[in-house]
Amino acid sequence: TPCSKKEHSYPLEKINVSTLSIEVNNSSFNDFIQKLNPEVVIYDRFMMEEQFGWRVQDYCPKAITLLNTEDLHSLRRKRKSAVSGKPSSKNDELELRELASIYRCDLSLIISKFEIEYLKEKGVYEDLLFYLPFMEDVPNQKNILKYEERAHMVTVGSFLHDPNVDGIRYLKDNVWPLIRKKLPDVEMHIYGSYPTSKIEQLTNLTEGFIIKGWADDVKNVMSKARVCLSPLRFGAGLKGKFIDAMRTGTPSVTTQIGSEGMPQGDNWPGFISDSPNELANKAVLLYSKKEIWREKQSIGIRVLSTEFSKEENQQKFKEKLFSLKAGLAKHRSKNIIGKMLRLNNLRSTKFMSKWIEEKNRRT
C-alpha cells in the first residue's frame, strides 16, 4: 500500500495478512510485482487501479485483476452535491474515471445490489460485476443483551467521512430535539475516529447529545444501546454501522440512503424514513415498545443469516474466481471497451506516472 499506517489502521497481521509499503510513480513496484507473480491482484478502489493497473498489466498479464469498489465514489459525490445544492462537473469526470477502471479490470466487487443495477443502467457489462456484500457469521443470541439491559441511542462512523458528519449535524438540528421532547432522559452517543474540534463542540450535555469519539470496541458500545439512529442524507454502498447493529441485536432507524442495498420495508430491522418527524417518532416507538423492539431485532438476525451469510457468499466468490481463471482469455476477449482502454495510446495514467517518475529522478 502507498498509504501510511495510521493510529486506527486495522492490524492486518492479526489475520495473517502481510503488508508492504510501496511508492507511487516509482518503477521499484515493477520488480516487486514481477517477483511476486500473483495469480490475483485486488485494487482497493479505482484510484489504486489507476496508479498500478498498467504496471500489473505489463509485468503480470496473466494475473486476474479485481477492483474492490468499496462503494461507488462518484455516486456518493453526486448525492453530496445534490444535498448541498452545488452540482459540479467534476462529478462527471470522477464517474468516467471510475467506470474506466471497472472496464479495465477483469471483475469488480460490488457491495450493494442497488449499485449493480446502477452500473448496468450505465451500460457496464454484467459479466464484469460481482455482488459481494459483507460476509457475516450468525451471532449467538445467548450473548446478545436484552431490551431491559440497554439504554440510550447510538451511531458510529469515521468523522473523516462526509456522509457521517452531515448525518450527525442533521440529526442534532432536525431529529434529536423532537426525540428529547418525548424521551427527556435518553442520550444520543456518537462514536467515531478523528473527531475535529468543530465536531466535538456539537456535544451538549443538557440536550443529551454527546460526541464520544473513538470506540475501542464498536461491538461493545453498539450492544449496550437500545437503538442505532443514523439519518444519512447521502452516501453509497452498504453502511457498516447497520451491519454492526445487526451483529449486536440493535434495531436501527435510518433513511432510504442509509438502508440502500439492504432488505427494505418489513424486512428492515427497524424503521426507514426521510422525514425528521417520522424518524423521531419511529425512534421513540422502537425505544419504548419492547415487543416491537424484539420483533425488529429478530429481523436483523435473520437478515445476517440470509443476505449476508459468510458461508454462502464465500462459496459463490470462490466459484466465480475458479470460473474466471479457467476462462480468462475468453472473458477478456468479450470486454471490448476494456481492451480499448488498455491500449497504449489511451493509457494516460501510465504516461503521466512515468513522467512524474522521471521528474522526481532528476530533482
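The values are calculated or read from the model by the stated rules, or taken from the named source; none is laboratory data. This is a predicted model, so every value here is computed, not measured. All Cβ positions, glycine included, derive from the backbone under ideal geometry; neighbour counts span all protein chains shown.
Here is how the numbers come out for the structure above:
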read-out	value
Condition check for Glu136: surrounded by 15 or more Cβ atoms within 10 Å (Cβ to Cβ), acidic (Asp, Glu) and under 25 Å from Ala63 (Cα atoms)	no
Options Lys90, Lys198; residue that is assigned by TED's automatic domain parsing to the domain that holds Leu285, in a helix (DSSP H, G or I) and not aliphatic (A, V, I, L, M)	Lys198
Residue list for segment 146-157, restricted to those being in contact with a strand residue (DSSP E or B) (Cβ under 7 Å, 6 or more places away or on another chain) and crowded, with 21+ Cβ neighbours inside 10 Å	Met153, Val154, Thr155, Val156
The listed residue being in the same structural domain as Tyr147 (by TED's automatic domain parsing), in contact with a helix residue (DSSP H, G or I) (Cβ under 6 Å, 6 or more places away or on another chain) and either touching a residue at least 40 places away in the same chain (Cβ under 8 Å) or surrounded by fewer than 16 Cβ atoms within 10 Å (Cβ to Cβ) (or both), out of Gly300, Gly338	Gly300
Answer residue from segment 24-36, given it is part of a helix (DSSP H, G or I) and over 26 Å from Ser108 (Cβ atoms) and is modelled with the lowest pLDDT among those	Ser28
Residue count, segment 303-313 (criterion: in contact (Cβ under 8 Å) with a residue 60 or more places away in the chain and either closer than 18 Å to Val253 by Cβ or of a type outside the set (Lys, Arg) (or both))	6
Residue selected from segment 158-199 under the condition among the β-branched types (Val, Ile, Thr) and under 22 Å from Ser259 (Cβ atoms), by the criterion surrounded by the most Cβ atoms within 10 Å (Cβ to Cβ)	Ile190
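Residues checked against (1) touching a strand residue (DSSP E or B) at 6+ places or on another chain (Cβ under 6 Å); (2) at pLDDT below 95; (3) farther than 17 Å from Thr349 by Cβ; (4) assigned to a helix (DSSP H, G or I):
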| position | (1), (2), (3), (4) |
| --- | --- |
| Ser4 | no, yes, yes, no |
| Lys14 | no, yes, yes, yes |
| Ser18 | no, yes, yes, no |
| Ile22 | no, yes, no, no |
| Pro38 | no, no, yes, no |
| Gln51 | no, yes, no, yes |
| Leu66 | yes, no, yes, no |
| Glu70 | no, yes, yes, no |
| Arg77 | no, yes, yes, yes |
